1. What is the residue count in region B:43-63 for residues that are in contact (Cβ under 8 Å) with a residue 60 or more places away in the chain and assigned to a loop (DSSP other than H, G, I, E, B)?
2. Quick one: in region A:74-91, of everything that is of a type in the set (Ser, Thr, Tyr) and in contact with a Ser or Thr (Cβ under 8 Å, 6 or more places away or on another chain), which residue is farthest from A:Thr118 (Cα to Cα)?
3. Can you find, within region B:263-285, the residue that is farthest from the other protein chains (Cβ to nearest Cβ) among those that are part of a loop (DSSP other than H, G, I, E, B) and in contact with a Ser or Thr (Cβ under 9 Å, 6 or more places away or on another chain)?
4. Just wondering, is there one or more residues in region A:46-58 that are crowded, with 20+ Cβ neighbours inside 10 Å, within 12 Å of chain B (Cβ to nearest Cβ) and small (Gly, Ala, Ser)?
5. Specify the residue that is farthest from B:Val227 (Cα to Cα); the eligible residues are those in region B:293-320 that are more than 10 Å from chain A (Cβ to nearest Cβ) and buried (at least 21 other Cβ atoms within 10 Å of the Cβ).
6. How about region B:466-523: which helices (runs of 4 or more DSSP H) wholly inside it have at least 2 residues that are touching a Gly at 6+ places or on another chain (Cβ under 7 Å)?
7. Taking region B:235-256 as the region of interest, how many residues are touching a helix residue (DSSP H, G or I) at 6+ places or on another chain (Cβ under 6 Å) and not in a helix (DSSP H, G or I)?
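All of the numbers you see were taken from the coordinates with simple rules; none came from a lab. The structure presented is a predicted model; accordingly, all values stated were derived computationally and were not measured. In this analysis, Cβ positions are derived from the backbone assuming ideal geometry, glycine residues included, and neighbour counts consider all displayed protein chains.
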Amino acid sequence: MPAFTPPPLPSDDKRWKIVNGTMRKNGFARHALIETLHTVQSAFGYLDDDSIRFVALSLRVPLSQAYGVVTFYHYFSLKPPGKHTMTICAGTACYIKGADKLIAAAEKRLGVARGQTTSDGQISLMTARCVGACSRAPVVLCDGAVAGEMAAEPMLEQLERWAVE
Amino acid sequence: MTIEELEQVAKSVCQENDKYDFEVNVCMDLACMSQGADRLRDALEKAAGASGKNILVRRTGCMGPCSSGPLVRVDPEEHLYHHVKADNADAIVASLGGPPVPELQCDLNDHFDRQVRVVLENAGHIDPEKIDDYIGRDGYKALLTALTEMTPNGVIHRITESGLRGRGGGGYPTGLKWGTVAKASGELKYVVCNGDEGDPGAFMDRSVMEGDPHRVIEGMAIAAYAVGASKGFIYVRAEYPVAVSRLTTAIREARRRGLLGNGICNTPFNFDVEIRLGAGAFVCGEETALLASIEGKRGTPRPRPPYPAVSGLFGKPTLINNVETFANIAPIVRNGGKWFANMGSERSKGTKVFALTGKIANTGLVEVPMGIKLREIIEVIGGGVPDGHQFKAVQTGGPSGGCIPAEMLDLGVSYDALMAVGSIMGSGGMIVMDDTSCMVNVAKFFVEFCMTESCGKCIPCRAGTAQMFTLLTRICDGKGTMDDLDLLISLCETIKETSLCGLGMTAPNPVLSTIKYFRNEYIEHIVHKRCPAGVCNIEAPAAVSAEVLA
């Protein structure tokens, strides 16, 4: 059997080298699929067809299996994120403390449903299953930074600022 | 590293700490961080530097009462300060050596007095990124003692004697599990730590991984020695980036000190640990799904047997325990099985960490002896329901658990007692609800969660949770009938009996327990078309007809 040669990098974008690094560290083993997809998403912000194809070919995983993994796990996104991301935690403690009202208010303000990005690409509205800051519920993540005991008003103010930033 | 070297490090840590007259510990857990604990620490360091006093400013893991954060504890006086702002740094530093700062003093004696700290013994006392801090508090002593003075069977015997049961929620006897993996044949075995704390409303494991990561690693290494494994994986949720970074640092430090790697403590024992990231799938908390995920596949469970103890990760015998289970190992090895078995109740030994959240005054992390009454946790440690509202229910076990009503608050917390009332211990989420929560809506919330998180492999769970959701939505919308309620109950029984894995088998628990204890709320929605808590949006029939007429 001829030795396996991994496919060439999709472009000279330096981020592909980081992706390749993760796979090399794992000896291009198939079980590195999820690890590698994490690296792609943290480097590029999301997973597109080209990146899934590249990773699948490199790790000799069938395309169907790679796509199956990407769509199985909520953490992976097939769409590019907006410039800013408002993530509202929808865990139990946050729900008990009124996270649904925050979600409704944000959806109304942005005119998009949860999981979507505004048409100008400024703001993505996401929900999380639980970020583990339950003692400060309800919790939102403003571009990843935890803000606890959140009310609709300050959250909407943040969205207003982001709309023009 | 040998025991003598370890003791040397511990001694030098003590000498180092003795150089300081005061220790100012700042809680840097997620909850305190979100309230500016990092700015506070900078301010304290600046003030300490300018004061000319001999002060050590240390960042620590979670101190417990998150609702009072940011928290600062001053040692040796053990003054606890709450809601501390960066502006308070000068006052705190100035008060050292004299009386405490009165306006910042935190009076939570009742909160702390009833707690017993085993898993959280180091929380608030060590810098999670400094291995020496951990060693200074007897860290890795249990591992090296086990390696040099105990046989693998001796270790398993000690764990069995302790009566420790799996802290992930299942409650399977840990010693028995270890014994099975130890007996399994095969050169290569794995130890896996389940840090996929997917249960929404629970954050005990996050706090342990972030606040005392070495404790988890030490527990895993002892387990590996006992069962004959040489490789370990910690599976952590991607939603916990701080835990991942602290564990990464801890593993690197442990390797550097020769506490992980080949020939640990000059013995033939080899063990190393790798981190694997979850990717947001609740079902991956189920052990066979978790193993599939580590193998880079979709996290779908498979039928058992074979159990992972016989054929697990990559087909090899695998020991899987939860974070908190591993966190209990080092103290048990150090203090003996009997010491641990002396705590707790008849069939549930030791302590349990709970994440106390929801409508309760003191939210945060608590560790209590098993057997303690729910009432004590909620009313004394938790400080009761705030703002003059009435306690309605406490939810344990997350989406797999149930809601326990007020009349059952005198129940002692144990695996069996909670199961007997239709809930489960679970991993330790404890969410308090008051009269503003609608129990039908709560059931709908959990069912929606399970529906979204069902992996889709088996029909009872995939289709059943969706049907439960439809029925509950109908009831919440005021369109349900009494027949729907009967149908819902029979559907629950079917799903419970026929699902493949724990997710499906326990998904009906929130529904059944709310129907059992809060049936009147269901009746109100169905018969009187009203939501007593005012949560569900039921259109009043009169208003609708008025609109139609207009």
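1. Looking only at that region, the number is 3.
2. A:Thr87
3. So in region B:263-285, the residues part of a loop (DSSP other than H, G, I, E, B) come out as B:263, B:267-270, B:278-281.
This time we only want the ones that are in contact with a Ser or Thr (Cβ under 9 Å, 6 or more places away or on another chain), so: B:267, B:269-270, B:278-279, B:281.
Working: B:Thr267: 28, B:Phe269: 25, B:Asn270: 19, B:Gly278: 8, B:Ala279: 3, B:Ala281: 5 Å.
That would be B:Thr267.
4. yes
5. Here the residue is B:Pro301.
6. Of the helices (runs of 4 or more DSSP H) lying wholly inside region B:466-523, those with at least 2 residues that are touching a Gly at 6+ places or on another chain (Cβ under 7 Å) span B:482-498, B:509-517.
7. So in region B:235-256, the residues touching a helix residue (DSSP H, G or I) at 6+ places or on another chain (Cβ under 6 Å) come out as B:235-236, B:240, B:242-243, B:246-247, B:250, B:253-254.
When the remaining residues are screened for being not in a helix (DSSP H, G or I), the result is B:235-236, B:240.
Of the residues in that region, 3 qualify.
Here's the yes/no breakdown for (1) surrounded by fewer than 19 Cβ atoms within 10 Å (Cβ to Cβ); (2) under 19 Å from the mean Cα position of the chain (by Cα); (3) more than 13 Å from chain A (Cβ to nearest Cβ):
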| site | (1), (2), (3) |
| --- | --- |
| B:Thr351 | no, yes, yes |
| B:Glu367 | no, yes, yes |
| B:Val385 | no, no, no |
| B:His389 | yes, no, no |
| B:Gly398 | no, yes, no |
| B:Tyr415 | no, yes, yes |
